[in-house]
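Engineer: One structure, pasted below without further comment.
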Amino acid sequence: MALIVKKFGGSSVATPEKIFNIVDRVLREKKEDDKVVIVVSAMGDTTDDLVALAKEVTSKPYGREMDRLLSTGEQVTIALMAMAFNERGHKAMSLTGDQAGITSSDTFNKGRILGVDPNRVFEALDEGNIVVVAGFQGITEYGDMVTLGRGGSDTTAVALAGAMKADVCEIFTDVEGVYSTDPRVAKEAFKLEEVTYGEMLEMARLGAGVMQPRAVEMGFRYGVPIHVRSTFSDKTGTIIREDYTVEANKHVITGVADDTNTAKVALVGVENKPGVAATVFKALAAKNVDVDMIVQSIRAVGEPKTDLIFTVAMDDVVLAREVLAELQKTVDIEAVNIDEKMAKVSIIGAGMLGQPGVAAQMFDILSQEGINIEIISTSEISISCLVAEDRVKDAVRVIHNGLLLDQRG
């Protein structure tokens with residue numbers, strides 16, 4: 001007997017026919033005593049359609065009401081899938097995020113799971129049901145529905161799997177696993193058999209769309225193996241776990257990621273004194289604007305002015321403009337320049353620890369391709385470069401083929 005959590009994304013449940021395909025697959029693979037929980041997203045482009053619908057009513061970011069609207073997409077899917085299981089002769093019950101015991105912070109559109117109480121899920125399983133849970137949503141202490149951000153259904157699935165001590169959490173997508181980079185950008189990309197939580201977290205954070213960063217965090221926190229695999233194939237995908245099962249699988253570089261959801265913000269002529277940077281970033285944090293790749297340039301020794309440069313997600317550009325415009329009323333900032341035509345390209349790999357020369361190789365490859373680097377940031381297992389958006393795909397391709405393919409021999 002096994003307890004398995006399976007997550008299916010929007011493209012996998014886009015039509016009633018596809019829903020029945022999933023139902024048939026689950027029933028075919030399910031052993032008699034297995035207990036199965038399924039987490040689903042909204043059907044197809046439903047979420048995008050709901051966002052577009054909201055924009056016909058308002059241009060303002062009404063967080064609470066937007067989340068109330070967006071959360072309906074998953075509720076349609078869970079009801080249809082539970083009906084489909086019943087049509088195939090197997091008991092099933094649908095549960096919203098609230099009913100599944102998922103509590104969230106009150107940060108609308110970007111909720112964080114605070115806790116999971118899966119008692120009702122266990123009760124439904126004990127009654128012989130396959131349980132279908134709405135992903136992407138949680139409930140606040142005040143009873144408000146909150147969505148969990150892009151890819152939030154992944155987080156729902158892994159958090160449930162962790163809280164329920166599931167044997168595995170399977171994330172079904174339209175690709176066969178996690179690849180060394182996007183195969184649409186570099187045709188030489190290859191599927192990774194294994195990847196560590198740390199590497200997958202960096203890849204997801206830096207733009208690899210196959211997993212949401214918070215979902216990987218949940219997997220690491222609970223020690224739940226995550227199996228990323230294809231909805232349309234029975235092949236083994238990529239296993240995300242704490243460490244490699246075979247040391248030979250470990251390479252210096254595991255993958256290359258890119259993120260075009262990036263804008264560069266330059267605060268020109270900021271007072272060069274203690275406390276100014278803290279004031280700027282506190283104001284942005286108060287409005288839940290995520291900041292990355294921070295650089296403070298020094299013009300000259302003793303210069304009373306400095307320039308502060310950082311990146312924000314494109315989704316936060318409007319809010320960042322508002323915050324910084326308000327800040328200019330009290331803080332001496334000569335100009336705020338925002339460039340929305342930027343992107344990040346990153347290399348990730350646990351093998352880079354203690355391996356000198358990797359950064360130099362990356363920069364040399366970009367130089368030979370004539371790609372200018374505007375900002376560089378690093379972690380223990382990643383190096384990121386900010387480049388022009390119209391060159392980022394070229395950057396991914398040449399870095400992947402110049403570094404990853406070489407190490408494979």
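Engineer: Look at the stretch 171-190 and say how many of its residues are part of a strand (DSSP E or B) and without any contact (Cβ under 8 Å) to a residue 40 or more places away in the chain.
Structural biologist: 0
Engineer: Please indicate, with yes or no, whether at least one residue in the stretch 341-355 is without any contact (Cβ under 8 Å) to a residue 60 or more places away in the chain and either out of contact with any Asp or Glu (no Cβ under 9 Å at 6 or more places or on another chain) or open to solvent by less than 60 Å² (accessible area, probe 1.4 Å) (or both).
Structural biologist: Yes, some residue in the stretch 341-355 is without any contact (Cβ under 8 Å) to a residue 60 or more places away in the chain and either out of contact with any Asp or Glu (no Cβ under 9 Å at 6 or more places or on another chain) or open to solvent by less than 60 Å² (accessible area, probe 1.4 Å) (or both).
Engineer: Looking only at the stretch 220-234, how many residues end up being outside any loop (DSSP other than H, G, I, E, B) and either surrounded by fewer than 18 Cβ atoms within 10 Å (Cβ to Cβ) or in contact (Cβ under 8 Å) with a residue 60 or more places away in the chain (or both)?
Structural biologist: Going through the stretch 220-234 one residue at a time, the tally reaches 4.
Engineer: So, of the residues in the stretch 117-141 that are open to solvent by 30 Å² or more (accessible area, probe 1.4 Å) and touching a residue at least 24 places away in the same chain (Cβ under 8 Å), which turns out to be nearest to HIS90 (Cα to Cα)?
Structural biologist: GLY128
Engineer: Now for a separate question. What pairs come up if the first residue lies in the stretch 142-160 and is under 17 Å from PRO118 (Cβ atoms) and among the β-branched types (Val, Ile, Thr), the second is in a helix (DSSP H, G or I) and open to solvent by 20 Å² or more (accessible area, probe 1.4 Å), and their beta carbons are under 8 Å apart, counting only those six or more places apart or on different chains?
Structural biologist: Correct list of pairs: THR155/ARG214; VAL158/TYR222.
Engineer: When the residues of the stretch 202-219 are narrowed to those that are part of a helix (DSSP H, G or I) and open to solvent by 50 Å² or more (accessible area, probe 1.4 Å), which ends up nearest to ASN261 (Cα to Cα)?
Structural biologist: ARG205
Engineer: Still on this structure, I have one more. Could you check the stretch 251-294 and list, in sequence order, the residues that are closer than 12 Å to VAL323 by Cβ and not small (Gly, Ala, Ser)?
Structural biologist: VAL265, LEU267, THR279, VAL280, PHE281, LYS282, LEU284, LYS287, ASN288, VAL289, VAL291 - these are the residues of the stretch 251-294 that are closer than 12 Å to VAL323 by Cβ and not small (Gly, Ala, Ser).
For every residue, the table says whether it meets (1) touching a strand residue (DSSP E or B) at 6+ places or on another chain (Cβ under 8 Å); (2) part of a strand (DSSP E or B).
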residue: VAL331; (1), (2): yes, no
residue: LYS341; (1), (2): yes, yes
residue: GLY351; (1), (2): no, no
residue: PRO356; (1), (2): no, no
residue: ALA360; (1), (2): no, no
residue: LEU366; (1), (2): yes, no
residue: ASP390; (1), (2): yes, no
residue: VAL396; (1), (2): yes, no
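The values are calculated or read from the model by the stated rules, or taken from the named source; none is laboratory data. Computed from a predicted model, the values in this text were never measured in an experiment. As a convention, Cβ positions derive from the backbone with ideal geometry for all residues, glycine included, and neighbour counts pool all protein chains shown. Note: accessible area is taken over every heavy atom of the protein model, side chains too, but ligands, DNA and RNA are not part of it. Shrake-Rupley method; radii C 1.70, N 1.55, O 1.52, S 1.80 Å.
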